[in-house]
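Data first, discussion second: the structure below is written as structure tokens.
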Amino acid sequence: MNFTFEKILFLAVMLGVTAMSSRFGAARQDPPAAFVADEFSVRQSRVTPPVFMLSSPTVVSATPSSASVGEGETDPSPDEVALADLEATLLGELAGKEKTASPPPRESAARATVKEGSLVPTSTLQAAVFRPVGVVSEPKVAATAALLADLTTGEQYFGLAPLKRWPIASITKLMTAVAAFSLPEQKAKIALTEADFPPEDTSIGKKLAAGETYTASDLMTAMLVVSSNEAAEALANQSGNRSDFINRLNGLAAAWGLDNTHFGDPTGLSTTNQSNAYDLRRLATKIFNEYPQVFSETRRKQATITNLDYQERLTLQNINAFAGDPTFLGGKTGYTEDAGGNLLSIFMYQKRPIVVIVLGTEDRFGETEKLFAWFRSNFTLNR
């Protein structure tokens with residue numbers, strides 16, 4: 001290439017003009033806000049001579065290595081080097097005027113921690129609360145949906161269709177208990193009426209009857225220990241309006257971010273009471289942390305309530321097979337013909353609460369025990 005002294009001189013002059021304009025612009029006061037846009041457009045129309053529209057130059061090193069010179073190419077002359085350096089300097093000065101702040105670096109897609117609700121692949125469990133011991137093979141769980149997770153962190157160690165919506169039956173009563181705690185007086189006397197006994201309830205072995213009076217607290221116990229449907233209905237009706245109570249259940253679900261959960265009644269007899277294992281895990285976490293008395297009731301092997309009309313004490317045997325187990329921290333059973341067997345259970349393992357959920361199974365206790373035993377055999381605390 002032939003580079004003339006005039007071209008180099010021209011670029012040097014333009015660099016000097018740029019520097020002078022920068023000093024002049026810095027000393028000049030900004031125009032009123034109303035004129036900023038117009039003046040910007042004028043500046044744009046003025047600062048567009050071809051010399052300022054240089055394409056990004058290939059900056060040639062002043063001391064290129066032999067490796068940077070391809071076959072058939074020659075080393076640049078001193079004039080080429082000088083011109084390239086001058087062009088780069090000039091372009092840098094111009095670019096600095098309109099340069100904007102660089103965006104912050106994007107967060108890496110690979111996270112060391114496991115996000116809430118994500119299924120934990122075996123390969124990433126080293127970063128989780130528990131780590132696998134040896135090679136872990138997934139258990140065969142006979143259920144429509146299932147989940148096992150650390151209740152505190154939400155880290156999941158097993159999931160079978162955890163986002164599949166399913167009728168939850170009497171697991172509903174966990175949320176009914178939360179809503180009933182808003183009653184003004186837990187010692188309030190509630191007389192059962194015929195309206196509290198759902199006609200679709202075909203369960204046997206009822207302990208309560210229409211006309212009997214109990215405290216709201218005792219009805220709560222009956223609802224959580226023996227899954228009494230009439231107790232759940234009585235608590236809902238006591239609130240003043242059953243429809244408003246159901247709206248409260250759905251309002252709590254929305255407030256807690258349970259996007260795939262819906263309640264149609266306070267008992268769970270309706271098939272419109274639906275959720276998925278993922279939402280139920282979040283429900284359990286919320287109740288465990290903020291309403292611990294709910295799960296405290298469910299873990300009792302038996303409980304006593306009092307019929308206030310006759311001061312008669314009734315002993316209720318918990319229908320949950322895990323009740324009384326020292327590792328069992330609470331849970332709720334559920335069953336209807338449409339839902340099959342459902343069970344939400346919380347166990348203590350290595351001083352951490354583990355939630356196990358099975359939905360749509362013929363052996364809710366057996367499948368829960370199988371899944372929890374698999375976890376105990378294959379995982380240990382990541383100390």
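The values are calculated or read from the model by the stated rules, or taken from the named source; none is laboratory data. What you see is a predicted model; the values in this text were computed from it and never measured. Here the Cβ positions follow ideal geometry from the backbone for every residue, glycine too, while neighbour counts run over all protein chains shown.
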**Prompt:** Which one of the conditions (1) more than 18 Å from the chain's Cα centre (by Cα); (2) modelled with pLDDT of 95 or more does residue 106 fail to meet, given that it meets all the rest?
**Reply:** (2)
**Request:** Using the structure shown, decide if residue 195 is surrounded by fewer than 19 Cβ atoms within 10 Å (Cβ to Cβ) and either assigned to a helix (DSSP H, G or I) or not assigned by TED's automatic domain parsing to the domain that holds residue 340 (or both).
**Result:** yes
**Message:** For the structure I just gave you, tell me whether residue 372 is within 19 Å of residue 301 (Cα to Cα) and of a type in the set (Phe, Trp, Tyr).
**Reply:** no
**Prompt:** Would you pick out the residues in the range 264-283 that are among the small types (Gly, Ala, Ser) and closer than 13 Å to residue 176 by Cα?
**Reply:** 264, 268
**Message:** Condition (residue is charged (D, E, K, R), assigned to a helix (DSSP H, G or I) and in contact with a Pro (Cβ under 7 Å, 6 or more places away or on another chain)) applied to the range 228-235: is it met by at least one residue?
**Reply:** yes
**Message:** For the structure I just gave you, tell me whether residue 313 is touching a strand residue (DSSP E or B) at 6+ places or on another chain (Cβ under 7 Å), in a helix (DSSP H, G or I) and free of Cβ contacts under 8 Å to residues at least 40 places away in the same chain.
**Reply:** no
**Item:** Cross-chain or 6+ apart pairs with Cβ under 6 Å, the range 337-352 first and more than 21 Å from residue 324 (Cβ to Cβ), then not in a strand (DSSP E or B) and not basic (Lys, Arg)
**Value:** 338/271; 339/169
**Complete:** Residues in the range 143-187 that are among the small types (Gly, Ala, Ser) and in contact with a strand residue (DSSP E or B) (Cβ under 6 Å, 6 or more places away or on another chain) total 8
**Message:** Need pairs with beta-carbon distance below 7 Å; first residue surrounded by 21 or more Cβ atoms within 10 Å (Cβ to Cβ) and within the range 150-161, second among the basic types (Lys, Arg); sequence gap 6+ or separate chains.
**Reply:** 150/352
**Message:** Of the residues 319, 357, only one is buried (at least 18 other Cβ atoms within 10 Å of the Cβ) and either on the phi < 0 side of the Ramachandran plot or touching a Leu at 6+ places or on another chain (Cβ under 8 Å) (or both); which?
**Reply:** 357
**Fill in**
Scanning the range 237-290 for residues that are in contact with a strand residue (DSSP E or B) (Cβ under 6 Å, 6 or more places away or on another chain), touching a residue at least 24 places away in the same chain (Cβ under 8 Å) and not in a loop (DSSP other than H, G, I, E, B) gives 238, 274, 277, 280, 281, 284
**Request:** Would you please name the residue that is farthest from residue 335 (Cα to Cα), looking only at residues in the range 200-222 that are at pLDDT below 75 and not polar (S, T, N, Q)?
**Result:** 207
**Complete:** Checking 335, 310 in turn, the sole residue that is hydroxyl-bearing (Ser, Thr, Tyr), modelled with pLDDT under 95 and in the same structural domain as residue 159 (by TED's automatic domain parsing) turns out to be 310
**Message:** Can you find a residue that is buried (at least 17 other Cβ atoms within 10 Å of the Cβ), assigned by TED's automatic domain parsing to the domain that holds residue 369 and assigned to a loop (DSSP other than H, G, I, E, B) anywhere in the range 209-221?
**Reply:** yes
